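> Pasting a structure here, questions to come.
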Amino acid sequence: MGKKEEIIQKIVLERIKSMSPNVKIALGSKGGFLSKDDLLKEVRDGTPTGKKVIDIQLRYMRALKEGIV
């Protein structure tokens with residue numbers, strides 16, 4: 001993982017850590033929900049789900065920056 005990706009991963013991990021402890025997130029149509037701890041593990045481990053979470057967070061932060069959200 002490159003330096004830029006490491007920084008982005010750390011930012012996303014901190015955003016997830018700031019979430020409510022009882023948060024549940026559903027991704028895609030597979031059913032089931034991911035807890036805060038599940039999200040942290042997926043992002044830390046660099047799984048496909050973790051990469052999707054990073055992508056979603058990046059798009060959200062860009063939308064905030066551009067005033068879309």
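> Filter region 48-69 down to the residues that are among the small types (Gly, Ala, Ser) and assigned to a helix (DSSP H, G or I), then identify the one that is nearest to Met19 (Cα to Cα).
Among those residues, the one meeting the criterion is Gly50.
> Glu14 is checked against (1) touching a helix residue (DSSP H, G or I) at 6+ places or on another chain (Cβ under 9 Å); (2) loosely packed, with under 10 Cβ neighbours inside 10 Å and fails just one. What number does that condition carry?
Unmet for Glu14, out of (1) touching a helix residue (DSSP H, G or I) at 6+ places or on another chain (Cβ under 9 Å); (2) loosely packed, with under 10 Cβ neighbours inside 10 Å: (1).
> Follow-up. For the condition among the basic types (Lys, Arg), closer than 19 Å to Lys4 by Cβ and in contact (Cβ under 8 Å) with a residue 12 or more places away in the chain, what is the one hit in Lys52, Lys36, Lys65?
When all the criteria are applied, what remains is Lys52.
> Could you tell me which residue of region 3-33 is farthest from the chain's Cα centre (by Cα), considering only residues that are closer than 14 Å to Val53 by Cα and among the acidic types (Asp, Glu)?
Glu5
> Looking at region 28-51, which of its residues are out of contact with any helix residue (DSSP H, G or I) (no Cβ under 9 Å at 6 or more places or on another chain) and either surrounded by 13 or more Cβ atoms within 10 Å (Cβ to Cβ) or modelled with pLDDT of 95 or more (or both)?
Ser35, Asp37, Asp45
> Would you check if Asp37 is under 11 Å from the mean Cα position of the chain (by Cα) and among the acidic types (Asp, Glu)?
No.
> Test Ile25 against the criterion of being surrounded by 13 or more Cβ atoms within 10 Å (Cβ to Cβ) and either in contact with a Pro (Cβ under 8 Å, 6 or more places away or on another chain) or more than 18 Å from Met1 (Cβ to Cβ) (or both), and give yes or no.
So Ile25 passes the test.
The values are calculated or read from the model by the stated rules, or taken from the named source; none is laboratory data. In this text, all values refer to a predicted model and were calculated from it rather than measured experimentally. Positions of Cβ are backbone-derived with ideal geometry, glycine not excepted, and every protein chain shown enters the neighbour counts.
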